[in-house]
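Quick notes on the structure that follows.
The values are calculated or read from the model by the stated rules, or taken from the named source; none is laboratory data. In this text the structure is predicted, and so the values were computed from the model without any measurement. In this analysis, Cβ positions are derived from the backbone assuming ideal geometry, glycine residues included, and neighbour counts consider all displayed protein chains. When the accessible area is computed, the model is the full protein with side chains, heavy atoms only, and any ligands, DNA or RNA have been set aside. Shrake-Rupley method; radii C 1.70, N 1.55, O 1.52, S 1.80 Å.
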Amino acid sequence: MPSDPLPSAIQSALAPHFDAFRSAVAGTSEQIRSSLAELDSDVGSRLAREEAGLGGFADGCIDVERFAALATGQSKLTAGAKPTLEAAQKVLMEINQAGAELNQLRFDGGDLLQEVHAALASVGRAFGAARVAELARTGSFRKKEHGGLLKAYPYPQWNARERRLAPPLVIHCSGKDLHAGALSLFLDGDAKLVLVVDGVCPPALLARLISPGIFVVQGDESAPLEAMLAWKGPGIAALVHDQAARFVHDPEGGASIAERLRLDFLPEAPKPRALGGLSAGQQLEDLQHLTALAGSAAAPAPASIPANGAASAPATPVDKLAAFLLARAHLDQE
Amino acid sequence: MSENCGTLMGCGVEDERSFSMDDYSGPLARWCPGCGDHAVLAGVQRLLAKEQLKPERTVFVSGIGCSSRFPHYVDTYGFHGIHGRALPIATGIKLARPDLDVFAVMGDGDCCSIGAGHWIHAIRYNINMTVLLLDNNIYGLTKKQTSPTTPQGFASNTQPRGSFLPALDPIQTTLGVTNASFVAQTADWVPSHLAQTLEAAHAHPGFAFVRILQRCPVFTPTIFEEAAMNTDLTELLEHENGVTDEALKGVYPHTLYHDPTDIQEARRLAESSSKVRLGVFYADPGHARYEELRAVPKRTAEEKIALLNAEIDRYAV
Amino acid sequence: MSSTPPEQAAPTLSQEAGHSVLTLPEHILEVLSDSGEGAQKCGQSFGAVSAKMGNGAWTVEIIPAEIQPPPRTPDGASGVRIRIGTQKITNWGNRTKLAIAFNDQVLLSRHRLNALADDAIILLDQAPENHDNPQVRQEWIEALEELSSRNYRLIKVPLEEECLKIVDNPRQGKNMFALGMLSWVYLRDLERVKEQIAHQFRHKAKAVYERNVRLLEAGVSWAEQNLDFRFDIPTTTPDEDMVVMNGNTALGLGAMAAGLEMCSMYPITPATSVSHFLSESFDRLGGMVHQAEDEIAAIGVALGASFAGKVAFTVTSGPGLALKTEFIGLAVMTETPLVIVDVQRGGPSTGLPTKVEQSDLLAAVFGQPGDCPKVVLAPSTIEECFHCMITARRIAETFRCVVMVMSDANLATGQQPFKRPTLDPRWQSVQPDLSEVPVGTEPLQWDPETGLSPRLIPGQPGGMFTATGLAHNEGSHIRSDPENNQRTMELRSRKLAVLQSTLKPPVVVGPEHADLLVVGWGSTRGAIEEAIEKGQQEGLSVAALNLTFLSPLQPGLGEIFENYKKVMTVEINYSDELDQPYINAENRRRGQLAWLLRATTLVDVDCWTRVFGQPLCPGDILDVIRGKLAAGGQS
Ligand SMILES: Cc1ncc(C[n+]2csc(CCOP(=O)(O)OP(=O)(O)O)c2C)c(N)n1
Ligand SMILES: [Mg+2]
């Protein structure tokens, strides 16, 4: 799935997470390689392996047969495990080869939920392959039961450790067909989603996802992605156009929403049009929701107050916004 | 990321084990009765159980000395090294396997004398590990020779008319090293404070140095006697970002509210005073960590060979 | 001192416009300058280009001990000797046939060391002759006087003058001008030379490359107009892919090819460049170079990493090896695999830091307090520097032991072409399997026969143990009872015997029975074998044996020695000579390999060793062989 290059700040925040995952994939693949080597059962290939393993310096110096007799411990593996291990290794090598591409989804409209599901199921094949390899090593692999793990390993089946180890999923999408609320399904365990939103989008795209245990970041390239990615719990970030709200909800900030939520920028009211399956009204409501939450936090003033509300604009930010929303209410039509 | 040990093997099985203090106990500790090391061992086992650290993912590394027997008494992985060299071994383990939880345990001769060079550099590397200096102000194992932390005037077998020089202060020294990130002091005779200090140190992401004042009933019974008996001689450093020991409220009359992010104040407090100061002198998680800077992702054999071939191309005839 | 070896083929002479072209099977040349004038760059480029064209080649750097020795001093001479040939070249040869010297004083240093052939052609920068400073002019006169004791053909070259036409600072131009002259003299492929320059200046601005090419071309045309001789050393197109590099690069590449994942080191000449090389590329392969605070920490970190499941190595030289001693003991005692590379230099103490010596052999085999059995290997060619790392890692892991790899300054900086290694995934280390083991699995389940045992790695549930340097049992529990100590010492020692049981007897070069067998180890191999070959051509009854395994020694040495009337070692380390005051056969201190061989075979192995700080010349070895054979019966 080709994707646009990520802005460098984002790239460098994500890179260690992608690397760590890819590193574990490569490590697992190497472990399987070691197991497969043990499986060379016939003497000839075992000797050949030993001879190769000793390198050219040993040529004419070391009696490979004798060395091999010392070196090969009894393999606990049965020969039947070989094709399974090879299949698992192939999957891991593919995933390793795909690198960071695998963790990036380009969404061009359609069913976001379905696509995220598919993308994660594909990443999940790495966990599936590790499971398969382990089952093969202990002789408990059953093709009917476990074979599917190499094809797709859907998110709902991941256990907590797998969710913690999974890399963030970057979703490149256009703001006009993004309905982020649906993603809450994936926000449990340690799942991390990063939306790179192209063009206009609902101004408070992620407001609905704010809840005590979820790290939510909406903002531009300078958004604190690292903190979200380091959070030991679910997190989502959206990199949005500069007319959208910018805020950070950090579950570690404190017990009250005021301590957790920092609102950095509140935009003008959205244009009266539906975006991402949200009516203008719903978009306003989201913004209202965000503002209400931020009300208890110290919210900055909206960037601009429409002229017709300006005269009587009340003093506090919450009131300001309420007035602003009222003034705009008549635009709520599709 | 720290759970990731470079493989996905094993993560398909949810780990549902739970561990009690007993699960971390090795063979019976053979220190002298009344030795402060017993209290430290208990405190550490308490920490392990509280944090539910997986025994197979935890490594205790030590040098040589009475205190360095420590790893044998904890049922985790361990490396009982050579005199003064616990920190290089711990560094190697952590560079190779950032997923392991590493503790280094050293005596005052071990850390502050023969291992002093490594000590300084390990502070600067700031690798994430918990580092315990069991400071009894004497060489215990080799039977009462002066150590760098022996109080001036205290007689030993090598300086029988009293230690010639003023003692080196490990807290001051640590605070003086560039990139120090966590420095605390506690004592074997205040178990609740010890426990909380260990917790804070373990939670700190970086090189967490804890000097534990440790009584040696055989060779230095007098040195800490007064401090242990007379609570008036102790001052507790308290802070919500450091340690605040509720159990000690009312027991120790002197407390000082000290923000451990203030390095200047920490250094001032480390200067000698009439009181023994216990608590977190300095803690700042923001320091550069060597093992993070040096993290290298693994490669498969095939990838390595492709890269190596490209490298060898440079030398092709 | 040495006789010129008989040529392998008769030289042929042909005449071209204004100059002769002499076709020769091989030639030795040197480039000499003050430090910082780039003679080494020039010479190494020349060597690399020659190798790439299909010549056999061997280069040896001439390195002053100081970074910036005073200019115009014999001690400050910096440069390189290059020996090229149609066939494979295995050593630096005897004496130089052509030298380019950037001043009279650096030339003197080589003259005084007897490094120049009597009929050598010398291209000498004439700038000092008319120097502003009268002292320089005086030195020039005296130098020429001193040089006139030989039949050198001295040609004055306006090196500085010509360079000044292109660059302001001739110190930064002479080497490229000289490279141009040499390229013309030896009929080098100029396109390849330019490629080499481009590679060398790849990190610099294009203008730098262009300026250097102008200098090169100026050198070519000056030579064309002014010199009347050229040498053609015919090249052969190798039938397999070849690479050319120095021994330290080969060690570094070998380490990566072997799947080693960490190089933990502290800088020390001449080992450091292994880490320079690795620092550029190791991390891309998932590896790391850790520069520790000292050599003790360096090995400690490597040991910790190995304990945690990575295979790590450390690279050092004599003084560093001394510091690592206690940790080597700990690695042996805890049976943690570890590879230690010692690029030997002149000792003792700081000794001759940049020069070659083979004086660490006994320190490697026996140098740790307590019984400390470990494996010691010695590569004898640059190709072996690459391949031995693979074998070293494999042995270290299979035997849970320390493997020492003994290279030296000669291999470290010398360049030699060799067959391009075909990389094999089976060379790579095995990734530790962190799966659970039954509770109570012991960390040292010694096989009672072989002493071998499988490893447990932190992370494996059920396998928790504490490694310790104190005497211990199977469980790594501290034990001090007599039986346990005796038994565990036996088991650790037995591993060497077991390894030896897999080794084959070494192969002698030359006749199976003869009057003399010359035994060597490491980088002297090429010079020894060349001397033997020449000796055989003279009708001498002599054979050579090179040992790549020093601990354990390869089996069958005693039997091999029986086939020779005399056995002697030739080594670059110190031994007393019997004709020196106070020295007799009883108190004589011998070459290090000689000690080892005498002790293990009970054969009266003699030795000839030198500590000149330079590689041995085949001609000198041949002289020794002649002398030894002439001395008659008693050995
Ligand atoms: C290289 C080396 N030098 C000296 C010793 C002897 N030695 C063992 S422990 C020790 C000092 C122990 O004192 P300390 O580190 O304070 O530990 P304690 O026994 O007091 O806990 C000494 C000098 C040694 N084992 N190794
Ligand atoms: Mg002590």
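Quick one: which of B:LYS94/B:LYS249; A:LYS82/B:LYS298; A:LYS144/B:LYS298 span more than 28 angstrom between C-alpha atoms? Working shown, then result.
Working: B:LYS94/B:LYS249 38 Å; A:LYS82/B:LYS298 24 Å; A:LYS144/B:LYS298 32 Å.
In this structure, B:LYS94/B:LYS249; A:LYS144/B:LYS298 lie more than 28 Å apart at Cα.
Which angle from 0 to 90°, rounded to the nearest 10, does the C-alpha axis of helix C:247-257 make with the longest principal axis of chain C?
That works out to roughly 40 degrees.
Chain pair C, B: how much accessible area is buried, both chains summed, with a 1.4 Å probe, in Å² to 100? Before the final figure, lay out the partial values.
Numbers: alone 26880 and 15890 Å², together 37560 Å².
Summing both sides, the interface buries roughly 5200 Å².
Could the peptides C:452-460, C:489-497 be put in order, highest first, of the mean number of other beta-carbon atoms found within 10 Å of their residues? If you can, show how the numbers build up before the last one.
Details: C:452-460: 20.8, C:489-497: 17.7.
For the peptides C:452-460, C:489-497, the packing ranking is C:452-460, C:489-497.
From the C-alpha gyration tensor of the stretch C:243-423, pull out the three semi-axes of the equivalent ellipsoid (sqrt of 5λ each), sorted largest to smallest, in whole Å. Kindly include the intermediate steps, with their values, before the conclusion.
Values: eigenvalues 92, 73, 45 Å².
So the equivalent ellipsoid measures 21, 19, 15 Å along its semi-axes.
Given a 1.4 Å probe and every protein chain left where it sits, what share in percent of the accessible area of the stretch C:12-232 is carbon and sulfur?
Details: 4290 of 9110 Å².
Exposed carbon and sulfur together represent 47 percent of the surface.
Over both sides of the C-A contact, add up the buried accessible area with a 1.4 Å probe and give it to the nearest 100 Å².
Details: alone 26880 and 16510 Å², together 41120 Å².
Summing both chains' loss of accessible area gives about 2300 Å².
Counting just the Cα atoms, what span does the stretch C:555-633 cover along each of its three principal axes? Round to the nearest Å and put the largest first.
Largest first, the stretch C:555-633 extends 33, 29, 25 Å along its Cα principal axes.
So if R0 is 51 Å, what FRET efficiency would B:ASN309 and C:ASP75 give, r being the distance between their Cβ atoms, rounded to the nearest 0.05?
Working: r = 43 Å, r/R0 = 0.84.
Calculated value: 0.75.
Give me the tail of P(r) for the stretch C:12-232 as a percent: Cα-Cα pairs with distance above 23 Å. Display every interim value, and only then the final one.
On the way: 10520 of 24310 pairs.
Tail of the P(r) past 23 Å holds 43 percent of the pairs.
Any residues in the stretch B:43-83 that have 50 Å² or more less accessible area with all protein chains than in their chain alone, probe 1.4 Å, and which are they?
Hits at the 50 Å² cut-off: B:GLU56, B:HIS72, B:TYR77, B:PHE79, B:HIS80, B:ILE82.
What are the ³J(HN,Hα) couplings of the stretch B:271-277, residue after residue, when phi is run through the Karplus curve with 6.51, -1.76, 1.60 and θ = phi - 60°? Round to Hz, x for glycine and proline.
5, 4, 9, 6, 9, 8, 9
For a quick check: with amide H placed at 1.01 Å from N, whose amide H comes under 5 Å from B:PHE79's, ignoring anything fewer than 5 positions away on the same chain?
It is B:PHE60, B:VAL61, B:SER62, C:ALA467, by chain and number.
What number, rounded to the nearest 500 deg cm²/dmol, is the helix-based mean residue ellipticity at 222 nm of the protein assembly as shown, given -39500 (n - 2.57) per DSSP H run of at least four residues and division by all its residues?
On the way: 41 runs with 463 residues, N = 1286.
About -11000 deg cm²/dmol.
Using the Cβ atoms and a cut-off under 9 Å, what net charge is assigned to the surroundings of C:ARG72, where Lys and Arg are +1 and Asp and Glu are -1?
Here the charged neighbours net out to -3.
Students often forget the sequence filter, so: which lysines lie under 19 Å Cα-Cα from A:LYS192 once same-chain residues fewer than 8 apart are removed?
Filter leaves A:LYS232.
Going from most exposed to least, what order do C:LEU578, A:LEU39 have by accessible area with a 1.4 Å probe? Don't jump to the answer; show the numbers that get you there.
Numbers: C:LEU578 95, A:LEU39 15 Å².
The residues order as C:LEU578, A:LEU39, largest area first.
Largest first, how would C:HIS203, B:HIS118, A:HIS289 line up by accessible area (1.4 Å probe)? If you can, show how the numbers build up before the last one.
Numbers: C:HIS203 155, B:HIS118 5, A:HIS289 65 Å².
Largest accessible area first, the list is C:HIS203, A:HIS289, B:HIS118.
Pop out the carbon and sulfur fraction of the accessible area of chain B as a percent, whole number, probe 1.4 Å. Walk me through the intermediate numbers first.
Numbers: 6340 of 12010 Å².
Of all accessible area on chain B, carbon and sulfur atoms account for 53 percent.
Determine the dipole magnitude for the stretch B:240-317: charges of +1 sit on the beta-carbon of Lys and Arg, -1 on that of Asp and Glu, nothing else is charged, the reference point is the Cα centre, and the result goes in debye to the nearest 20. Show your work: numbers first, answer last.
Working: 11 positive and 14 negative charges, 51 e Å.
Charge dipole of the stretch B:240-317: 240 debye, to the nearest 20.
Taking each pair of distinct Cα atoms in the stretch A:159-278 once, what is the resulting Kirkwood hydrodynamic radius in Å? All intermediate terms of the calculation are to be shown ahead of the outcome.
Numbers: mean 1/r = 0.0696 Å⁻¹.
One over the average 1/r among Cα pairs gives 14.4 Å for the stretch A:159-278.
Which net charge results when you count Lys and Arg as +1 and Asp and Glu as -1 among the other residues whose beta-carbon is under 12 Å from that of A:VAL216? Intermediate values should be presented prior to the final figure.
Working: positive: A:LYS192, A:ARG208, A:ARG246, A:ARG260, A:ARG262; negative: A:ASP250.
Result for the neighbourhood of A:VAL216: +4.
What angle, in degrees between 0 and 90 and rounded to the nearest 10, separates the Cα long axis of helix C:39-53 from the longest principal axis of the Cα atoms of chain C?
So the inclination is approximately 80 degrees.
With a 1.4 Å probe and all protein chains in place, put B:THR255, C:THR96 in order of accessible area, largest first. Walk me through the numbers before you get to the answer.
On the way: B:THR255 70, C:THR96 0 Å².
Greatest to least solvent exposure: B:THR255, C:THR96.
5 Å is the cut-off here: which amide hydrogens, built 1.01 Å from N in the peptide plane, fall below it relative to A:ALA237, excluding neighbours closer than 5 in sequence?
The list, which skips near neighbours in sequence, is A:LEU193, A:VAL194, A:LEU195, A:VAL217.
Hey, can you list the residues from the stretch C:279-296 whose accessible area shrinks by 20 Å² or more with all protein chains present, relative to the chain by itself (probe 1.4 Å, no ligands or nucleic acids)?
By number: C:ASP283, C:ARG284, C:LEU285, C:GLY286, C:MET288, C:VAL289, C:HIS290, C:GLU293, C:ILE296.
Heavy-atom accessible area per residue, the stretch C:436-502, 1.4 Å probe: how many Å²? Show your work: numbers first, answer last.
Working: 3020 Å² over 67 residues.
Heavy-atom SASA per residue in the stretch C:436-502 reads 45 Å².
Whole number please: convex hull volume per residue, Cα atoms of the stretch C:436-502, in Å³. Let's see the in-between values first.
Working: hull volume 6.3 nm³, N = 67.
Convex hull of Cα atoms, per residue: 94 Å³.
Share of the stretch C:243-423's accessible area from carbon and sulfur, percent, 1.4 Å? Let's see the in-between values first.
Numbers: 1970 of 3650 Å².
Its accessible area is 54 percent carbon and sulfur atoms.
Report ³J(HN,Hα) in whole Hz for each residue of the stretch B:53-63, in order, from the Karplus equation J = 6.51 cos²θ - 1.76 cosθ + 1.60 where θ = phi - 60°; Gly and Pro get x.
5, 6, x, 7, 9, 10, 10, 9, 10, 9, x
Rounded to the nearest 20 Debye, what is the dipole magnitude of the protein assembly as shown about its Cα centre when Lys and Arg each give +1 and Asp and Glu each give -1 at the C-beta?
Values: 113 positive and 152 negative charges, 179 e Å.
Using only the charged Cβ atoms, the result is roughly 860 debye.
For B:GLN196, what is the net charge nearby, where nearby means another residue's Cβ is under 11 Å from its Cβ and Lys, Arg count +1, Asp, Glu -1? Don't skip to the answer; put the middle values down first.
Working: positive: B:ARG46, B:LYS50; negative: B:GLU199, B:GLU238, B:ASP245, B:GLU246.
Cβ neighbours under 11 Å give a net charge of -2.
Long-range amide H contacts for C:LEU352: which residues qualify at under 5 Å (H placed 1.01 Å from N, peptide plane, sequence gap of 5 or more or a different chain)?
Residues meeting the amide H criterion: C:GLY346, C:GLY347.
From the backbone phi of the stretch C:414-420, what are the Karplus-calculated ³J(HN,Hα) couplings (6.51 cos²θ - 1.76 cosθ + 1.60, θ = phi - 60°) in whole Hz, Gly and Pro given as x?
Along the stretch C:414-420, the couplings run x, 10, 8, x, 8, 4, 4 Hz.
Against the empirical 2.2 N^0.38 Å scaling, what ratio does the C-alpha Rg of the stretch B:22-292 come to? Don't skip to the end; give the middle numbers.
Numbers: Rg = 17.0 Å, N = 271, 2.2 N^0.38 = 18.5 Å.
For the stretch B:22-292, the normalised Cα radius of gyration is 0.92.
Starting from the stretch C:181-217, pick out the trypsin sites (Lys or Arg not before Pro) whose DSSP state is loop and whose Cβ has at most 15 other Cβ atoms within 10 Å. Could you put the intermediate results ahead of the total?
Numbers: sites: C:ARG188, C:ARG192, C:LYS194, C:ARG202, C:LYS204, C:LYS206, C:ARG211, C:ARG214; in loops: C:ARG188, C:ARG202, C:LYS204.
Those that pass, being in a loop and sparsely packed, are C:ARG202, C:LYS204.
Total accessible area buried between chains A and B, 1.4 Å probe, in Å² to the nearest 100?
When A and B are taken together, about 2300 Å² of accessible area is lost.
Kindly report the accessible area of the stretch C:243-423 per residue (heavy atoms of protein chains, probe 1.4 Å, no ligands, DNA or RNA), in Å².
Details: 3650 Å² over 181 residues.
Value for the stretch C:243-423: 20 Å² per residue.
Using a Cα-Cα cut-off of under 25 Å, which lysines could be cross-linked to C:LYS88, ignoring same-chain neighbours fewer than 8 residues away?
Qualifying lysines at Cα under 25 Å: C:LYS41, C:LYS52, C:LYS97, C:LYS194, C:LYS355, C:LYS419, C:LYS534.
Relative to the longest principal Cα axis of chain C, at what angle does helix C:295-307 sit, 0 to 90 degrees, rounded to 10?
The two axes meet at around 50 degrees.
For the protein assembly as shown, compute Rh as the Kirkwood radius over C-alpha pairs and then the Stokes-Einstein diffusion coefficient at 25 °C and 0.890 mPa s; write the answer in µm²/s, rounded to an integer. Write out the running numbers ahead of the final one.
Working: Rh = 34.9 Å.
Reported coefficient: 70 µm²/s.
Ratio of chain C's C-alpha Rg to 2.2 N^0.38 Å, to two decimals?
Values: Rg = 26.4 Å, N = 635, 2.2 N^0.38 = 25.6 Å.
Chain C yields a ratio of 1.03.
Per residue, what accessible area does the stretch C:85-148 have, given a 1.4 Å probe and all protein chains present, in Å²?
40 Å²
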